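Here's the structure we're looking at; comments come further down.
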Amino acid sequence: MKKRIQIILGFAGVLTIIILGFVCAVFYGFYHINGPAAKKYPIKGIDVSHYQGEIDWLVLSGQNIQFAYIKATEGSSHIDEKFAFNYEKARESGLKTGAYHFFSFDSPGLSQAEHFIHTVKPFEGMILPAVDVEFYGDKKEHPPASDQVVAELKAFLDRIEQTWGQKPVIYVTEESWQRYVQGNFNGYPIWFRDIWKKPNLKSAGQDNGTPHWTFWQYTNRGRLKGFSGGEPYVDLNVFYGTKDEWMTFCSPLLTE
């Protein structure tokens with residue numbers, strides 16, 4: 001009996017070590033629960049902001065990534081302190097490059113669009129601009145009214161489309177998708193954040209317009225070399241499509 005208990009305890013100890021090791025591997029970015037298959041999604045990229053600190057783009061770009069989204073603006077006046085440097089150096093590294101805006105629920109959509117347009121200069125082959133719609137501060141506990149957000153977001157998107165000649169990308173979380181975007185902005189490219197599973201917009205109710213996501217941010221704990229900020233990880237994303245479809249997506253943009 002005593003020997004049996006020792007065997008059981010030993011097995012439980014080994015199992016605990018395995019589980020803790022797995023949890024640590026996920027937490028520290030050595031393993032991604034939902035890592036997408038490279039054969040199915042050959043186009044991989046990152047999104048960065050000032051949190052990644054100083055970036056050596058030649059080092060970063062040489063690690064099996066094809067694109068980079070750079071945070072440009074937030075609200076109606078804020079500019080990411082690293083935007084100008086990152087925007088220029090990412091392009092020089094050979095990565096397909098785009099810029100994104102962090103949408104504020106406390107500022108008019110049109111003034112946010114004008115701020116982004118004034119800050120971000122388009123170039124041939126640029127990835128479509130993106131707007132990040134997610135909760136911040138206490139907004140998740142006290143979400144703004146849907147009709148108000150939808151109206152301001154529409155004003156933002158319309159102005160960006162007028163300038164770029166194409167619909168911009170909308171970045172969403174599960175919460176912002178369900179509350180503000182789902183059913184209101186069909187036809188827009190969707191950039192979905194889900195670190196647990198692959199997004200399925202059809203099951204989420206996207207039954208017309210865009211039938212699938214365009215970008216999927218599958219982890220916020222990517223481990224790459226080439227940056228030295230307070231944030232030790234970088235977001236990793238994949239594009240839905242083939243290499244040929246990717247090149248079409250990055251076709252020259254029409255500007256004013």
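Computed over the Cα atoms, what is the radius of gyration of the range 36-249 divided by 2.2 N^0.38 Å, N being its residue count?
Details: Rg = 16.2 Å, N = 214, 2.2 N^0.38 = 16.9 Å.
My calculation over the Cα atoms of the range 36-249 gives 0.96.
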Practice task
Could you list, in their original order, any pairs among Lys71/Lys121; Lys44/Lys140; Lys96/Lys121; Lys82/Lys198; Lys96/Lys225; Lys89/Lys167 whose Cα atoms are separated by more than 22 Å?
Solution key: Lys44/Lys140; Lys82/Lys198; Lys89/Lys167
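In the range 137-200, which GluC sites (Glu not before Pro) fall in coil by DSSP and have 10 or fewer other Cβ atoms within 10 Å? Before the final figure, lay out each step's value.
Details: sites: Glu141, Glu152, Glu161, Glu174, Glu175; in loops: Glu141.
Sparse-neighbourhood loop GluC sites (Glu not before Pro): Glu141.
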Exercise for the section: Would you please give the residues with an amide H less than 5 Å from that of Tyr171, counting only those at least 5 places away or on a separate chain, with H modeled from the backbone geometry? Expected result: Val131, Asp132, Val133, Trp191
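Which loop-located GluC sites (Glu not before Pro) does the range 59-112 contain, where loop means any DSSP state but H, G, I, E or B and the Cβ has at most 15 other Cβ atoms within 10 Å?
Details: sites: Glu74, Glu81, Glu88, Glu92; in loops: Glu81.
Sparse-neighbourhood loop GluC sites (Glu not before Pro): Glu81.
How much length is gained if the chain between Glu92 and Asn186 is pulled fully straight, taking 0.36 nm per residue apart and subtracting their Cα-Cα distance, in nm to one decimal? Intermediate values should be presented prior to the final figure.
Numbers: separation 94, 0.36 × 94 = 33.84 nm, distance 3.41 nm.
Extending this stretch completely gives an extra 30.4 nm.
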Completion exercise
Between the modelled labels at Gln178 and Glu231 (7 Å from Cα along Cα→Cβ) the distance in nm is 2.5
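Every number here is computed from the coordinates shown, using simple stated rules; none is lab data. As the structure is a computational prediction, the values presented were derived from the model and not from experiment. Using ideal geometry, Cβ is built from the backbone for each residue, glycine included, and neighbour counts are taken over all protein chains shown.
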